[in-house]
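**Q** Have a look at the structure that comes next, please.
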Amino acid sequence: MRAGIIGAGWIGRRHAETLARRDDVAVAAVCDVDAGRAAQAAAASGAQVFTSWREMLADAALDAVWICTPPRAHVGPAVAALDRGLPVYLEKPIARAAGDAAQIAAAAARSRAVCAIGYQWRAIGFLDGLRSRLAGQAVGCLTGQSIGGTESRPWFLSQAEGGGNLLERGSHHIDLARSLAGEVTAVQAAGSEVRLAPRQAGQEAGDIADAVTIVLHFEGGGLGTIVVAWTSPELPGRYWLEVTTADAAFRLDLDPDFRLSGVAGGSEVAAVSPGSPFDGSVDRFVTAVRAGDPDLVFCPPADAVRTLAVAAAAEAALRSGRTVPVP
Ligand SMILES: NC(=O)c1ccc[n+]([C@@H]2O[C@H](COP(=O)([O-])OP(=O)(O)OC[C@H]3O[C@@H](n4cnc5c(N)ncnc54)[C@H](O)[C@@H]3O)[C@@H](O)[C@H]2O)c1
């Protein structure tokens with residue numbers, strides 16, 4: 001499979017490394033508006049270098065593309081690739097704005113090309129088993145933390161560009177919460193005014209809240225609370241989610257190890273997810289492309305549209321201080 005990568009930043013490089021370990025996919029082209037970054041990511045595989053994704057899609061004879069640009073720059077290459085019938089692994093969030101996300105979902109539906117959105121936690125090995133255990137039970141209480149370091153990219157520091165911690169980091173938890181506790185009907189949110197994370201030298205401080213708490217109201221009547229904080233890289237990361245029903249309580253430890261523990265129906269439950277969900281999500285995409293089956297991917301575009309709607313409602317709640325319904 002000849003793969004192209006659009007956007008050779010942090011996650012684009014990680015995808016290039018992941019694909020380099022596979023013998024069934026070759027990175028044949030890398031595109032970035034920054035030619036140096038593209039060349040650096042292309043060096044290991046000897047891929048062709050582009051600074052325009054339009055030229056790359058026209059000239060590189062690809063079988064699939066990985067889109068790893070900042071959220072505002074997802075819609076252009078994603079719709080163009082899907083309209084060519086090219087399978088797309090599109091990094092999360094599906095887009096910055098609902099309109100862009102709808103265009104991407106419509107292009108995927110139109111083309112029937114395989115399209116996966118990079119919410120890789122959906123590839124955690126024990127999730128299917130956990131969902132089976134939760135079937136028929138209302139989740140009454142869900143709590144989660146996403147606290148740790150990340151790079152201070154300029155678009156991430158701008159609420160308008162990247163959606164801040166809510167969209168960039170918190171949407172992983174929102175997506176996982178939706179997949180376990182069901183749809184979210186309304187959201188509340190509040191942000192901290194304390195600066196927690198150091199900005200890269202020469203960068204603006206930005207206008208995002210370094211810590212945000214959101215309250216999710218689930219369709220089934222339950223409540224979720226998720227705390228997202230961007231901290232100094234020297235502090236330990238803490239990523240977990242807990243789910244409680246009338247007769248079960250589960251804890252999911254997330255990143256770098258993925259473990260399930262808890263009690264259900266009076267018995268202890270424990271599981272470890274083998275391998276990395278990031279690699280698992282990519283592997284499932286490759287399998288779906290080979291099978292020509294868009295339904296095989298872990299997170300299809302239509303589902304990621306719902307996750308974006310919850311994150312956008314949380315952003316509106318952060319601005320207004322009110323409870324915001326999810327459309
Ligand atoms: N799945 C995950 O865990 C995860 C982790 C980090 C980032 N991400 C997502 O990946 C995407 C990129 O994040 P990042 O951290 O790699 O950002 P980044 O800023 O490090 O890299 C983005 C790259 O895209 C390039 N770019 C911008 N516009 C372009 C265009 N029109 N054409 C070609 N290249 C262009 C930039 O020059 C930059 O090199 C975001 O959507 C982010 O949310 C996902």
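**Q** Could you check which residue among 12, 36, 191 shows the biggest mean-square fluctuation in a GNM of the chain with a 10 Å Cα cutoff?
**A** Residue with maximal mean-square fluctuation among 12, 36, 191: 36.
**Q** Taking Cα atoms, how many degrees apart are the long axis of helix 301-320 and the longest axis of the chain, rounded to 10 and kept between 0 and 90?
**A** The angle comes out near 60 degrees.
**Q** Under 8 Å for C-alpha pairs, at least 6 residues apart: give me the relative contact order for the chain, rounded to a whole percent.
**A** After rounding, I find 18 percent.
**Q** For the chain, give the share of DSSP beta bridges that are antiparallel, in percent and rounded to the nearest 5; count only bridges with both residues there.
**A** Of the beta bridges lying entirely in the chain, close to 60 percent run antiparallel.
**Q** If you keep only loop residues by DSSP, which GluC sites (Glu not before Pro) in the stretch 174-206 have at most 12 other Cβ atoms within 10 Å of their Cβ?
**A** 193, 204
**Q** Once you put a point 7 Å from the Cα of residue 249 and another 7 Å from the Cα of residue 279, both along the Cβ direction, what distance in nm separates them?
**A** 3.5
**Q** Also, I was wondering about something else. What number, in nm² with one decimal, is the all-direction average of the projected area of the convex hull of the alpha-carbon atoms of the stretch 255-297?
**A** Seen from a random direction, the Cα hull of the stretch 255-297 projects 4.2 nm² on average.
**Q** Specify the residue with the greatest mean-square fluctuation among 86, 235, 260, computed from a Gaussian network of the chain linking alpha-carbon atoms under 10 Å apart.
**A** Among 86, 235, 260, the largest mean-square fluctuation in the Gaussian network model of the chain belongs to 235.
**Q** I need the phi-derived Karplus couplings for the stretch 285-291: 6.51 cos²θ - 1.76 cosθ + 1.60, θ = phi - 60°, integer Hz, Gly and Pro marked x.
**A** These are the phi-based 3J(HN,Hα) values: 4, 4, 4, 5, 5, 4, 7 Hz.
**Q** While we're on this one: How long is the gain from residue 296 to residue 219 if the chain were fully straight, where each residue apart is worth 0.36 nm and the alpha carbon distance is subtracted?
**A** Additional length available on full extension: 25.1 nm.
**Q** Quick check: the distance between the Cα centres of the stretch 114-162 and the stretch 253-327, to the nearest angstrom?
**A** 4
**Q** Another question about this same structure. Can you compute the modelled spin-label distance between residue 160 and residue 205, with each label point 7 Å from Cα toward Cβ, in nm?
**A** Between residue 160 and residue 205, the label points sit 1.9 nm apart.
**Q** Do any trypsin sites (Lys or Arg not before Pro) in the stretch 187-296 lie in a DSSP loop with no more than 15 other beta carbon atoms within 10 Å, and if so, which?
**A** Of the trypsin sites (Lys or Arg not before Pro), the ones in loops of the stretch 187-296 whose Cβ has at most 15 other Cβ atoms within 10 Å are 195, 199.
**Q** Oh, and also: Sequence-distant or interchain residues sharing an amide H contact under 5 Å with residue 48, placed H: which?
**A** 29, 30
**Q** Right, next: What is the P(r) of the stretch 103-221, as percent of Cα-Cα pairs per 10 Å bin from 0?
**A** Distribution as computed: 11, 33, 32, 20, 3, 0 percent.
**Q** If you don't mind, there's one more thing I want to ask. Provide the FRET efficiency to the nearest 0.05 for the residue 21-residue 261 pair, computing r from the beta carbons and using R0 = 30 Å.
**A** The value I calculate is 0.50.
**Q** Using only the Cα atoms of the stretch 261-327, construct the convex hull and provide its projected area averaged over every direction, in square nanometres to one decimal.
**A** With the hull built on Cα positions only, its mean projection is 8.0 nm².
**Q** Starting from the Cα-Cα distance between residue 151 and residue 51, subtract it from 0.36 nm times their residue separation and give me the gain in nm to one decimal.
**A** 33.7 nm
**Q** Loop only by DSSP, 12 or fewer other Cβ within 10 Å of the Cβ. Give me the GluC sites (Glu not before Pro) in the stretch 87-181 that pass, ordered by residue number.
**A** In loop regions of the stretch 87-181 (DSSP not H, G, I, E or B), the sparsely surrounded GluC sites (Glu not before Pro) are 151.
**Q** If you don't mind, another one. Counting only Cα atoms, I'd like the Rg/Rh figure for the chain, Kirkwood definition for Rh.
**A** We get a ratio of 0.96 for the chain.
**Q** If you don't mind, there's one more thing I want to ask. Averaging over every viewing direction, what projected area does the convex hull of the Cα atoms of the stretch 177-327 cover, in nm²?
**A** Mean projected area of the Cα convex hull: 12.2 nm².
**Q** Return the calculated 222 nm mean residue ellipticity for the chain, to the nearest 500 deg cm²/dmol, obtained by summing -39500 (n - 2.57) across DSSP H runs with n ≥ 4 and dividing by the residue count.
**A** -10000 deg cm²/dmol
**Q** Under 8 Å for C-alpha pairs, at least 6 residues apart: give me the relative contact order for the stretch 1-116, rounded to a whole percent.
**A** 24 percent.
**Q** Quick one: what do you get for the stretch 38-102 if you divide its Cα Rg by 2.2 N^0.38 Å?
**A** Taking N as the residue count of the stretch 38-102, the ratio is 1.14.
Each value in this text was obtained by applying a stated rule to the coordinates, not by laboratory testing. Everything numeric in this text was worked out from a predicted model, so none of it was measured. Ideal geometry is used to build each Cβ from the backbone, glycine not excepted, and the neighbour counts take in all protein chains shown.
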